[in-house]
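Comments concern the structure below.
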Amino acid sequence: MTINYINHELYMEKVRLYDIISKVGTPTYVYSKACFMSRITRYMNALKKYQTATQKHQIHYAVKANSNLTILKNIAAENIGFDVVSFGELDRVIRANGSAKKNIFSGVSKTEYELNAAIALGIHCFNIESEAELNQIQYLAEHNKTMIDIAFRVNLDIDPKTHPYISTGLEKNKFGIDIPLAKKLYLVAAKSSVLRPIGVACHIGSQLTDLAPFSDALTRVFDLVSYLKKNNITLQHIDMGGGLGIPYEPTMIMPTIESYIDTLCSPLQGRSESLFLEPGRSIIGESGVLLTQVNLIKHQKNKTFAMIDAGMNDLLRPALYHAKHRICELKVRSGSAESYHVVGPVCETSDQFCSHHLMIKPGDYLSILDVGAYGMSMASNYNTRLKPAEVLVTDNTWHVIRQRGSYHDLCQLEKI
Ligand code: LLP
(Lines give C-alpha, C1' and ligand atoms only; values in the text may rest on other atoms or scores of the structure.)
Protein backbone atom coordinates (compact mmCIF):
# COMPACT_ATOMS: atom_id res chain seq x y z
CA MET A 1 0.00 0.00 0.00
CA THR A 2 1.42 3.34 -0.98
CA ILE A 3 0.11 5.30 2.01
CA ASN A 4 2.29 6.76 4.72
CA TYR A 5 2.29 9.30 7.49
CA ILE A 6 4.44 12.37 6.88
CA ASN A 7 4.53 14.86 9.75
CA HIS A 8 1.57 13.05 11.36
CA GLU A 9 -0.61 13.41 8.26
CA LEU A 10 -1.66 10.64 5.91
CA TYR A 11 -0.38 10.70 2.33
CA MET A 12 -1.02 8.51 -0.69
CA GLU A 13 2.03 8.54 -2.94
CA LYS A 14 2.99 12.27 -2.67
CA VAL A 15 -0.52 13.60 -2.13
CA ARG A 16 -1.76 14.70 1.29
CA LEU A 17 -5.15 13.02 1.58
CA TYR A 18 -6.63 16.00 3.41
CA ASP A 19 -6.06 18.11 0.26
CA ILE A 20 -8.44 15.81 -1.61
CA ILE A 21 -11.05 16.00 1.16
CA SER A 22 -10.92 19.79 1.27
CA LYS A 23 -11.94 19.92 -2.41
CA VAL A 24 -14.05 16.79 -2.89
CA GLY A 25 -15.54 16.05 0.54
CA THR A 26 -16.33 12.61 2.00
CA PRO A 27 -17.03 9.73 1.60
CA THR A 28 -14.52 9.41 -1.24
CA TYR A 29 -12.62 6.46 -2.66
CA VAL A 30 -9.01 7.28 -3.50
CA TYR A 31 -6.79 4.95 -5.54
CA SER A 32 -3.04 4.86 -6.02
CA LYS A 33 -2.13 4.32 -9.66
CA ALA A 34 1.41 3.23 -8.74
CA CYS A 35 -0.01 0.53 -6.49
CA PHE A 36 -2.26 -1.23 -9.01
CA MET A 37 0.14 -0.75 -11.92
CA SER A 38 2.90 -2.40 -9.88
CA ARG A 39 0.68 -5.42 -9.31
CA ILE A 40 0.10 -5.74 -13.06
CA THR A 41 3.83 -5.48 -13.73
CA ARG A 42 4.49 -8.19 -11.16
CA TYR A 43 1.93 -10.49 -12.79
CA MET A 44 3.40 -9.86 -16.25
CA ASN A 45 7.01 -10.36 -15.14
CA ALA A 46 6.17 -13.52 -13.23
CA LEU A 47 4.34 -14.95 -16.27
CA LYS A 48 7.10 -13.90 -18.69
CA LYS A 49 9.46 -16.39 -17.06
CA TYR A 50 7.24 -19.22 -18.26
CA GLN A 51 6.29 -17.97 -21.76
CA THR A 52 7.32 -20.19 -24.67
CA ALA A 53 6.76 -20.04 -28.41
CA THR A 54 3.47 -21.89 -27.97
CA GLN A 55 2.41 -20.94 -24.44
CA LYS A 56 1.10 -17.38 -24.20
CA HIS A 57 0.16 -17.05 -20.56
CA GLN A 58 -2.18 -14.10 -19.96
CA ILE A 59 -4.04 -12.23 -17.26
CA HIS A 60 -7.58 -10.94 -17.72
CA TYR A 61 -8.43 -8.32 -15.09
CA ALA A 62 -11.75 -9.19 -13.38
CA VAL A 63 -13.77 -6.04 -14.04
CA LYS A 64 -16.21 -6.75 -11.19
CA ALA A 65 -13.50 -5.88 -8.65
CA ASN A 66 -13.43 -2.23 -9.74
CA SER A 67 -15.01 -1.04 -12.97
CA ASN A 68 -14.20 2.67 -12.90
CA LEU A 69 -13.52 3.80 -16.49
CA THR A 70 -10.21 5.52 -15.70
CA ILE A 71 -8.95 2.45 -13.86
CA LEU A 72 -9.99 0.25 -16.79
CA LYS A 73 -8.34 2.63 -19.24
CA ASN A 74 -5.04 2.47 -17.36
CA ILE A 75 -5.24 -1.32 -17.23
CA ALA A 76 -6.19 -1.59 -20.92
CA ALA A 77 -3.09 0.46 -21.78
CA GLU A 78 -1.00 -2.41 -20.36
CA ASN A 79 -2.33 -4.57 -23.17
CA ILE A 80 -3.90 -7.17 -20.90
CA GLY A 81 -7.32 -8.73 -21.31
CA PHE A 82 -10.49 -8.44 -19.22
CA ASP A 83 -12.87 -10.90 -17.61
CA VAL A 84 -16.45 -9.64 -17.72
CA VAL A 85 -19.64 -11.10 -16.28
CA SER A 86 -22.28 -8.85 -17.83
CA PHE A 87 -22.85 -6.74 -20.91
CA GLY A 88 -22.54 -3.68 -18.67
CA GLU A 89 -18.96 -4.63 -17.80
CA LEU A 90 -18.13 -5.32 -21.44
CA ASP A 91 -19.58 -1.95 -22.41
CA ARG A 92 -17.33 -0.27 -19.82
CA VAL A 93 -14.26 -2.07 -21.18
CA ILE A 94 -15.02 -0.85 -24.71
CA ARG A 95 -15.60 2.72 -23.45
CA ALA A 96 -12.21 2.50 -21.71
CA ASN A 97 -10.48 1.58 -25.00
CA GLY A 98 -10.24 -2.11 -24.14
CA SER A 99 -10.56 -4.58 -26.98
CA ALA A 100 -13.47 -7.06 -26.99
CA LYS A 101 -11.16 -9.54 -28.69
CA LYS A 102 -9.16 -9.86 -25.48
CA ASN A 103 -12.23 -10.40 -23.31
CA ILE A 104 -13.48 -13.50 -21.61
CA PHE A 105 -17.20 -13.54 -20.91
CA SER A 106 -17.78 -15.44 -17.64
CA GLY A 107 -20.99 -15.51 -15.62
CA VAL A 108 -23.35 -18.22 -14.52
CA SER A 109 -26.39 -16.98 -16.43
CA LYS A 110 -26.12 -14.64 -19.39
CA THR A 111 -29.21 -13.32 -21.16
CA GLU A 112 -29.83 -13.68 -24.87
CA TYR A 113 -29.40 -9.92 -25.20
CA GLU A 114 -25.99 -10.06 -23.50
CA LEU A 115 -24.82 -13.04 -25.54
CA ASN A 116 -25.91 -11.48 -28.84
CA ALA A 117 -24.26 -8.16 -28.01
CA ALA A 118 -21.04 -9.90 -26.99
CA ILE A 119 -21.06 -12.07 -30.13
CA ALA A 120 -21.45 -8.94 -32.25
CA LEU A 121 -18.46 -7.34 -30.52
CA GLY A 122 -16.30 -10.42 -31.21
CA ILE A 123 -15.47 -11.54 -27.68
CA HIS A 124 -12.46 -13.88 -27.40
CA CYS A 125 -14.06 -16.71 -25.43
CA PHE A 126 -17.35 -17.48 -23.68
CA ASN A 127 -17.11 -19.48 -20.47
CA ILE A 128 -20.14 -21.78 -20.50
CA GLU A 129 -21.60 -22.85 -17.16
CA SER A 130 -24.49 -25.20 -17.99
CA GLU A 131 -25.93 -27.50 -20.62
CA ALA A 132 -28.75 -25.00 -21.12
CA GLU A 133 -26.24 -22.25 -21.85
CA LEU A 134 -24.46 -24.50 -24.36
CA ASN A 135 -27.75 -25.00 -26.21
CA GLN A 136 -28.44 -21.26 -26.05
CA ILE A 137 -25.06 -20.29 -27.50
CA GLN A 138 -25.24 -23.01 -30.16
CA TYR A 139 -28.58 -21.58 -31.27
CA LEU A 140 -27.28 -17.99 -31.30
CA ALA A 141 -24.12 -18.96 -33.20
CA GLU A 142 -26.25 -20.64 -35.88
CA HIS A 143 -28.61 -17.70 -35.97
CA ASN A 144 -25.75 -15.18 -36.27
CA LYS A 145 -23.94 -17.46 -38.75
CA THR A 146 -20.72 -17.16 -36.82
CA MET A 147 -18.10 -19.42 -35.25
CA ILE A 148 -17.79 -18.99 -31.47
CA ASP A 149 -14.90 -19.98 -29.22
CA ILE A 150 -15.96 -21.45 -25.90
CA ALA A 151 -14.59 -22.93 -22.69
CA PHE A 152 -16.58 -24.84 -20.09
CA ARG A 153 -16.31 -23.65 -16.52
CA VAL A 154 -15.99 -26.79 -14.45
CA ASN A 155 -17.02 -27.31 -10.85
CA LEU A 156 -14.17 -29.27 -9.27
CA ASP A 157 -15.71 -29.66 -5.81
CA ILE A 158 -12.70 -28.08 -4.11
CA ASP A 159 -12.88 -26.27 -0.80
CA PRO A 160 -11.03 -22.96 -1.19
CA LYS A 161 -11.15 -22.42 2.60
CA THR A 162 -12.47 -18.90 2.37
CA HIS A 163 -15.68 -17.13 3.45
CA PRO A 164 -18.68 -19.28 2.35
CA TYR A 165 -20.20 -16.36 0.42
CA ILE A 166 -17.11 -16.07 -1.81
CA SER A 167 -16.47 -19.78 -2.16
CA THR A 168 -17.53 -20.90 -5.64
CA GLY A 169 -15.82 -24.23 -6.32
CA LEU A 170 -17.87 -26.61 -4.17
CA GLU A 171 -20.34 -29.09 -5.62
CA LYS A 172 -23.18 -27.40 -3.71
CA ASN A 173 -22.41 -23.98 -5.28
CA LYS A 174 -24.35 -22.79 -8.32
CA PHE A 175 -21.21 -22.35 -10.41
CA GLY A 176 -19.71 -24.51 -13.14
CA ILE A 177 -20.41 -27.96 -14.55
CA ASP A 178 -19.38 -31.19 -12.83
CA ILE A 179 -16.68 -33.23 -14.55
CA PRO A 180 -18.85 -36.13 -15.86
CA LEU A 181 -21.25 -33.67 -17.51
CA ALA A 182 -18.37 -31.48 -18.77
CA LYS A 183 -16.84 -34.52 -20.52
CA LYS A 184 -20.15 -35.14 -22.27
CA LEU A 185 -20.63 -31.49 -23.26
CA TYR A 186 -17.12 -31.15 -24.72
CA LEU A 187 -17.92 -34.06 -27.04
CA VAL A 188 -21.19 -32.39 -28.05
CA ALA A 189 -19.47 -29.02 -28.64
CA ALA A 190 -16.66 -30.62 -30.65
CA LYS A 191 -19.24 -31.98 -33.11
CA SER A 192 -20.85 -28.57 -33.58
CA SER A 193 -20.13 -26.70 -36.80
CA VAL A 194 -20.45 -23.30 -35.07
CA LEU A 195 -18.69 -23.82 -31.72
CA ARG A 196 -15.00 -24.36 -31.07
CA PRO A 197 -14.07 -25.64 -27.58
CA ILE A 198 -10.70 -23.93 -27.04
CA GLY A 199 -10.33 -23.93 -23.27
CA VAL A 200 -11.40 -25.01 -19.84
CA ALA A 201 -12.14 -22.60 -16.98
CA CYS A 202 -12.58 -22.74 -13.24
CA HIS A 203 -12.73 -20.24 -10.39
CA ILE A 204 -12.84 -21.85 -6.98
CA GLY A 205 -13.29 -18.77 -4.81
CA SER A 206 -11.96 -15.40 -3.77
CA GLN A 207 -9.57 -14.14 -1.06
CA LEU A 208 -7.67 -17.46 -0.93
CA THR A 209 -4.82 -17.38 1.55
CA ASP A 210 -3.33 -20.75 0.66
CA LEU A 211 -2.06 -22.00 -2.72
CA ALA A 212 -2.86 -25.70 -2.15
CA PRO A 213 -6.48 -25.47 -3.40
CA PHE A 214 -5.21 -23.87 -6.65
CA SER A 215 -2.77 -26.80 -7.15
CA ASP A 216 -5.50 -29.34 -6.43
CA ALA A 217 -7.75 -27.59 -8.93
CA LEU A 218 -5.06 -27.64 -11.63
CA THR A 219 -4.42 -31.37 -11.09
CA ARG A 220 -8.11 -32.08 -11.57
CA VAL A 221 -8.22 -29.89 -14.68
CA PHE A 222 -5.23 -31.83 -16.12
CA ASP A 223 -7.21 -35.08 -15.73
CA LEU A 224 -10.02 -33.59 -17.79
CA VAL A 225 -7.60 -32.23 -20.41
CA SER A 226 -6.04 -35.72 -20.79
CA TYR A 227 -9.46 -37.28 -21.22
CA LEU A 228 -10.29 -34.71 -23.90
CA LYS A 229 -6.98 -35.31 -25.71
CA LYS A 230 -7.79 -39.01 -25.91
CA ASN A 231 -11.01 -37.95 -27.57
CA ASN A 232 -9.20 -35.73 -30.09
CA ILE A 233 -10.11 -32.44 -28.40
CA THR A 234 -7.02 -30.32 -27.86
CA LEU A 235 -7.48 -27.23 -25.71
CA GLN A 236 -5.47 -24.04 -26.19
CA HIS A 237 -5.84 -22.62 -22.70
CA ILE A 238 -6.54 -23.44 -19.07
CA ASP A 239 -8.26 -20.57 -17.27
CA MET A 240 -7.76 -20.85 -13.52
CA GLY A 241 -9.94 -17.82 -12.68
CA GLY A 242 -8.98 -15.35 -9.97
CA GLY A 243 -8.91 -15.68 -6.24
CA LEU A 244 -5.51 -14.74 -4.83
CA GLY A 245 -6.10 -12.94 -1.53
CA ILE A 246 -4.58 -9.77 -0.09
CA PRO A 247 -3.39 -9.17 3.51
CA TYR A 248 -6.23 -7.19 5.09
CA GLU A 249 -4.27 -7.43 8.36
CA PRO A 250 -0.51 -6.75 8.34
CA THR A 251 -0.03 -9.99 10.30
CA MET A 252 -1.74 -12.09 7.61
CA ILE A 253 0.66 -14.35 5.76
CA MET A 254 -0.31 -14.23 2.12
CA PRO A 255 1.23 -16.02 -0.87
CA THR A 256 2.92 -13.56 -3.23
CA ILE A 257 1.86 -13.03 -6.84
CA GLU A 258 5.16 -14.64 -7.86
CA SER A 259 4.64 -17.79 -5.78
CA TYR A 260 1.05 -18.04 -7.07
CA ILE A 261 2.32 -17.91 -10.67
CA ASP A 262 5.09 -20.43 -9.91
CA THR A 263 2.53 -22.81 -8.42
CA LEU A 264 0.36 -22.69 -11.51
CA CYS A 265 2.99 -22.32 -14.25
CA SER A 266 5.54 -24.97 -13.18
CA PRO A 267 3.15 -27.89 -13.77
CA LEU A 268 2.32 -26.39 -17.18
CA GLN A 269 5.94 -26.51 -18.36
CA GLY A 270 6.39 -28.89 -21.28
CA ARG A 271 2.68 -28.87 -22.06
CA SER A 272 0.94 -27.06 -24.89
CA GLU A 273 -1.81 -25.14 -23.05
CA SER A 274 -1.48 -21.46 -22.10
CA LEU A 275 -2.51 -20.33 -18.62
CA PHE A 276 -5.22 -17.68 -18.31
CA LEU A 277 -5.88 -15.95 -14.99
CA GLU A 278 -8.66 -13.55 -13.98
CA PRO A 279 -7.27 -11.64 -10.99
CA GLY A 280 -9.31 -8.82 -9.49
CA ARG A 281 -8.63 -8.22 -5.81
CA SER A 282 -4.87 -8.95 -6.00
CA ILE A 283 -4.51 -6.18 -8.61
CA ILE A 284 -6.72 -3.40 -7.30
CA GLY A 285 -7.57 -4.25 -3.66
CA GLU A 286 -4.64 -2.69 -1.86
CA SER A 287 -4.61 0.43 -4.03
CA GLY A 288 -7.78 1.97 -2.61
CA VAL A 289 -8.84 3.77 0.58
CA LEU A 290 -12.22 5.17 1.56
CA LEU A 291 -11.99 8.60 3.17
CA THR A 292 -14.72 9.36 5.66
CA GLN A 293 -15.56 11.89 8.38
CA VAL A 294 -16.53 11.18 11.99
CA ASN A 295 -19.98 12.71 12.19
CA LEU A 296 -20.59 12.24 15.90
CA ILE A 297 -19.65 10.13 18.89
CA LYS A 298 -22.43 8.35 20.78
CA HIS A 299 -22.11 6.66 24.19
CA GLN A 300 -24.58 3.86 24.80
CA LYS A 301 -24.49 1.32 27.65
CA ASN A 302 -20.88 0.16 27.77
CA LYS A 303 -20.13 1.07 24.19
CA THR A 304 -18.88 4.12 22.37
CA PHE A 305 -19.95 4.43 18.75
CA ALA A 306 -18.00 6.48 16.25
CA MET A 307 -20.60 7.38 13.65
CA ILE A 308 -18.94 7.99 10.33
CA ASP A 309 -20.40 9.42 7.14
CA ALA A 310 -19.65 6.25 5.13
CA GLY A 311 -22.12 3.41 5.39
CA MET A 312 -22.73 -0.09 4.13
CA ASN A 313 -24.08 1.41 0.92
CA ASP A 314 -20.58 2.82 0.28
CA LEU A 315 -18.62 -0.24 1.45
CA LEU A 316 -20.66 -3.41 1.78
CA ARG A 317 -17.92 -5.92 2.63
CA PRO A 318 -18.06 -5.63 6.45
CA ALA A 319 -21.88 -5.97 6.51
CA LEU A 320 -22.00 -8.80 4.00
CA TYR A 321 -18.95 -10.90 4.91
CA HIS A 322 -17.98 -9.56 8.37
CA ALA A 323 -14.86 -8.34 6.58
CA LYS A 324 -12.50 -6.33 8.76
CA HIS A 325 -10.74 -3.40 7.12
CA ARG A 326 -8.07 -1.44 8.98
CA ILE A 327 -9.04 2.15 9.76
CA CYS A 328 -6.58 4.92 10.48
CA GLU A 329 -6.72 8.61 11.34
CA LEU A 330 -5.91 11.17 8.66
CA LYS A 331 -4.12 13.30 11.21
CA VAL A 332 -2.46 11.75 14.25
CA ARG A 333 -3.47 13.45 17.50
CA SER A 334 -1.45 13.18 20.67
CA GLY A 335 -3.02 11.31 23.55
CA SER A 336 -4.22 7.79 24.02
CA ALA A 337 -6.45 5.79 21.71
CA GLU A 338 -9.89 4.59 22.76
CA SER A 339 -11.95 1.71 21.54
CA TYR A 340 -14.80 2.68 19.21
CA HIS A 341 -17.47 0.69 17.42
CA VAL A 342 -17.25 2.33 14.05
CA VAL A 343 -20.68 2.44 12.44
CA GLY A 344 -22.34 4.10 9.46
CA PRO A 345 -25.55 6.11 9.19
CA VAL A 346 -27.63 3.47 7.35
CA CYS A 347 -30.72 2.09 9.07
CA GLU A 348 -29.41 -1.45 9.45
CA THR A 349 -27.69 -3.00 12.46
CA SER A 350 -25.18 -4.64 10.12
CA ASP A 351 -24.00 -1.18 9.02
CA GLN A 352 -20.82 -1.45 11.06
CA PHE A 353 -17.07 -1.48 10.43
CA CYS A 354 -15.91 -3.45 13.53
CA SER A 355 -14.28 -1.93 16.58
CA HIS A 356 -11.04 -0.02 16.34
CA HIS A 357 -8.63 1.81 18.65
CA LEU A 358 -8.64 5.41 17.49
CA MET A 359 -7.82 8.93 18.65
CA ILE A 360 -10.73 10.93 17.28
CA LYS A 361 -13.10 13.82 17.83
CA PRO A 362 -16.28 14.62 15.87
CA GLY A 363 -15.29 16.23 12.57
CA ASP A 364 -12.05 14.25 12.26
CA TYR A 365 -11.29 12.29 9.12
CA LEU A 366 -10.52 8.59 8.81
CA SER A 367 -9.21 6.34 6.07
CA ILE A 368 -10.57 2.81 5.61
CA LEU A 369 -7.84 0.70 4.01
CA ASP A 370 -7.64 -1.93 1.26
CA VAL A 371 -10.99 -1.13 -0.31
CA GLY A 372 -9.91 -0.84 -3.97
CA ALA A 373 -11.61 -4.16 -4.80
CA TYR A 374 -15.33 -4.76 -4.29
CA GLY A 375 -15.70 -1.35 -2.62
CA MET A 376 -17.15 1.08 -5.13
CA SER A 377 -18.22 -1.73 -7.48
CA MET A 378 -20.64 -2.99 -4.80
CA ALA A 379 -21.78 0.46 -3.64
CA SER A 380 -25.47 1.37 -3.86
CA ASN A 381 -27.81 4.28 -3.25
CA TYR A 382 -29.57 2.52 -0.35
CA ASN A 383 -31.25 4.99 2.03
CA THR A 384 -31.17 7.38 -0.95
CA ARG A 385 -27.56 8.18 -0.24
CA LEU A 386 -25.22 9.43 -2.93
CA LYS A 387 -22.45 7.02 -3.87
CA PRO A 388 -18.92 8.16 -2.99
CA ALA A 389 -16.80 10.22 -5.37
CA GLU A 390 -13.65 8.55 -6.74
CA VAL A 391 -10.18 10.04 -7.12
CA LEU A 392 -7.03 8.71 -8.77
CA VAL A 393 -3.65 9.69 -7.34
CA THR A 394 -0.63 9.65 -9.64
CA ASP A 395 2.58 10.56 -7.86
CA ASN A 396 2.02 14.18 -6.71
CA THR A 397 -1.19 14.84 -8.69
CA TRP A 398 -4.77 13.72 -8.32
CA HIS A 399 -7.95 13.81 -10.39
CA VAL A 400 -11.61 13.16 -9.70
CA ILE A 401 -12.44 10.08 -11.80
CA ARG A 402 -16.08 9.90 -10.70
CA GLN A 403 -18.11 12.76 -9.34
CA ARG A 404 -20.33 12.28 -6.34
CA GLY A 405 -23.41 13.23 -8.36
CA SER A 406 -26.47 14.92 -6.99
CA TYR A 407 -29.87 14.10 -5.51
CA HIS A 408 -31.31 15.31 -8.78
CA ASP A 409 -29.30 12.57 -10.59
CA LEU A 410 -30.79 9.96 -8.26
CA CYS A 411 -34.37 10.83 -9.27
CA GLN A 412 -33.78 11.48 -12.95
CA LEU A 413 -34.95 8.12 -14.27
CA GLU A 414 -38.17 8.10 -12.25
CA LYS A 415 -41.56 9.43 -13.33
CA ILE A 416 -44.43 10.66 -11.21
N1 LLP B 1 -13.22 -14.81 -12.15
C2 LLP B 1 -14.45 -15.16 -11.76
C3 LLP B 1 -15.24 -16.06 -12.60
C4 LLP B 1 -14.98 -14.66 -10.57
O5 LLP B 1 -16.21 -15.01 -10.19
C6 LLP B 1 -14.21 -13.77 -9.77
C7 LLP B 1 -14.74 -13.21 -8.53
C8 LLP B 1 -12.92 -13.42 -10.23
C9 LLP B 1 -12.46 -13.97 -11.40
C10 LLP B 1 -12.03 -12.48 -9.48
O11 LLP B 1 -11.67 -12.97 -8.25
P12 LLP B 1 -10.60 -12.21 -7.32
O13 LLP B 1 -9.26 -12.34 -7.99
O14 LLP B 1 -11.02 -10.80 -7.21
O15 LLP B 1 -10.67 -12.93 -6.04
N16 LLP B 1 -17.47 -9.37 -3.38
C17 LLP B 1 -16.55 -10.32 -2.79
C18 LLP B 1 -15.73 -11.04 -3.82
C19 LLP B 1 -16.57 -11.76 -4.84
C20 LLP B 1 -15.75 -12.41 -5.93
C21 LLP B 1 -16.61 -12.91 -7.02
N22 LLP B 1 -15.91 -13.49 -8.10
C23 LLP B 1 -15.68 -9.60 -1.75
O24 LLP B 1 -15.85 -8.40 -1.54
O25 LLP B 1 -14.83 -10.22 -1.12
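The values are calculated or read from the model by the stated rules, or taken from the named source; none is laboratory data. The structure displayed is predicted, hence computed values, not measured ones. So basically every Cβ, Gly included, is an ideal-geometry build from the backbone, and we count neighbours across all protein chains shown. Each accessible area value is taken on the protein alone, full model and side chains, heavy atoms only, with ligands, DNA and RNA left out. Shrake-Rupley method; radii C 1.70, N 1.55, O 1.52, S 1.80 Å.
Matching residues to (1) touching a helix residue (DSSP H, G or I) at 6+ places or on another chain (Cβ under 7 Å); (2) under 26 Å from Arg317 (Cβ atoms); (3) not hydroxyl-bearing (Ser, Thr, Tyr):
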residue: Asn173; (1), (2), (3): no, yes, yes
residue: Ala189; (1), (2), (3): yes, no, yes
residue: Ser192; (1), (2), (3): yes, no, no
residue: Arg196; (1), (2), (3): no, no, yes
residue: Lys230; (1), (2), (3): no, no, yes
residue: Leu235; (1), (2), (3): yes, no, yes
residue: Tyr248; (1), (2), (3): no, yes, no
residue: Met254; (1), (2), (3): no, yes, yes
residue: Pro267; (1), (2), (3): yes, no, yes
Practice prompt. Check the stretch 7-18 and report whether any residue there is buried (at least 17 other Cβ atoms within 10 Å of the Cβ), hydroxyl-bearing (Ser, Thr, Tyr) and closer than 27 Å to Arg92 by Cα.
Written response: no
Item to complete: Inspect the stretch 353-372 for any residue being within 16 Å of the ligand (Cβ to nearest atom) and open to solvent by 40 Å² or more (accessible area, probe 1.4 Å) and give the result as yes or no.
Response: yes
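Residues are listed down the side, and each one gets a yes or a no for (1) within 16 Å of the ligand (Cβ to nearest atom); (2) in contact with a strand residue (DSSP E or B) (Cβ under 6 Å, 6 or more places away or on another chain):
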residue	(1), (2)
Glu129	yes, yes
Glu133	yes, no
His143	no, no
Ile148	no, yes
Discussion item. So, in the stretch 131-165, exactly how many residues are at pLDDT below 80 and surrounded by 19 or more Cβ atoms within 10 Å (Cβ to Cβ)?
Written reply: 2
Worksheet, complete the sentence: Leu290 passes all but one of the listed conditions (1) over 16 Å from the mean Cα position of the chain (by Cα); (2) modelled with pLDDT of 95 or more; (3) within 16 Å of the ligand (Cβ to nearest atom); (4) open to solvent by 10 Å² or more (accessible area, probe 1.4 Å); the exception is number (4)
Worksheet item: Restricting attention to the stretch 339-393, which residues are part of a loop (DSSP other than H, G, I, E, B), farther than 19 Å from Ala306 by Cβ and small (Gly, Ala, Ser)?
Response: Gly372, Ala373, Gly375, Ala379, Ser380
Fill in: the stretch 212-234 residues that are more than 18 Å from Leu244 (Cβ to Cβ), paired with ones that are surrounded by 12 or more Cβ atoms within 10 Å (Cβ to Cβ) and among the aromatic types (Phe, Trp, Tyr) (beta carbon under 8 Å, 6 or more apart)
Leu228/Tyr186; Asn231/Tyr186; Ile233/Tyr186
Response to the item:
Considering the stretch 166-177, residues that are within 12 Å of the ligand (Cβ to nearest atom) and outside any strand (DSSP E or B), and then whichever is most open to solvent (accessible area, probe 1.4 Å), we arrive at Lys174
Item to complete: Being under 27 Å from Pro247 (Cα atoms), away from the ligand (no atom under 16 Å from the Cβ) and in contact (Cβ under 8 Å) with a residue 24 or more places away in the chain narrows it down to one of Lys64, Lys33, so name that one.
Response: Lys33
Item to complete: Of the conditions (1) in contact with a strand residue (DSSP E or B) (Cβ under 6 Å, 6 or more places away or on another chain); (2) under 27 Å from Asn74 (Cβ atoms), Gly285 clears all except one; give me its number.
Response: (1)
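Rundown of residues vs (1) in contact with an Asp or Glu (Cβ under 7 Å, 6 or more places away or on another chain); (2) over 17 Å from Ser67 (Cα atoms); (3) more than 16 Å from the ligand (Cβ to nearest atom), yes/no style:
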residue	(1), (2), (3)
Leu316	no, no, no
Ser336	no, yes, yes
Ser350	no, yes, no
Tyr374	no, no, no
Asp395	yes, yes, yes
Worksheet, complete the sentence: For helices (runs of 4 or more DSSP H) lying entirely in the stretch 36-130, having 1 or more residues that are hydroxyl-bearing (Ser, Thr, Tyr), in the same structural domain as Pro255 (by TED's automatic domain parsing) and surrounded by fewer than 18 Cβ atoms within 10 Å (Cβ to Cβ) picks out 69-76, 112-121
Worksheet item: Within the stretch 259-275, how many residues are open to solvent by 10 Å² or more (accessible area, probe 1.4 Å) and within 16 Å of the ligand (Cβ to nearest atom)?
Response: 2
Item to complete: Output the residue which, of all residues in the stretch 201-240 that are open to solvent by 10 Å² or more (accessible area, probe 1.4 Å) and within 14 Å of the ligand (Cβ to nearest atom), is nearest to Asp149 (Cα to Cα).
Response: His203
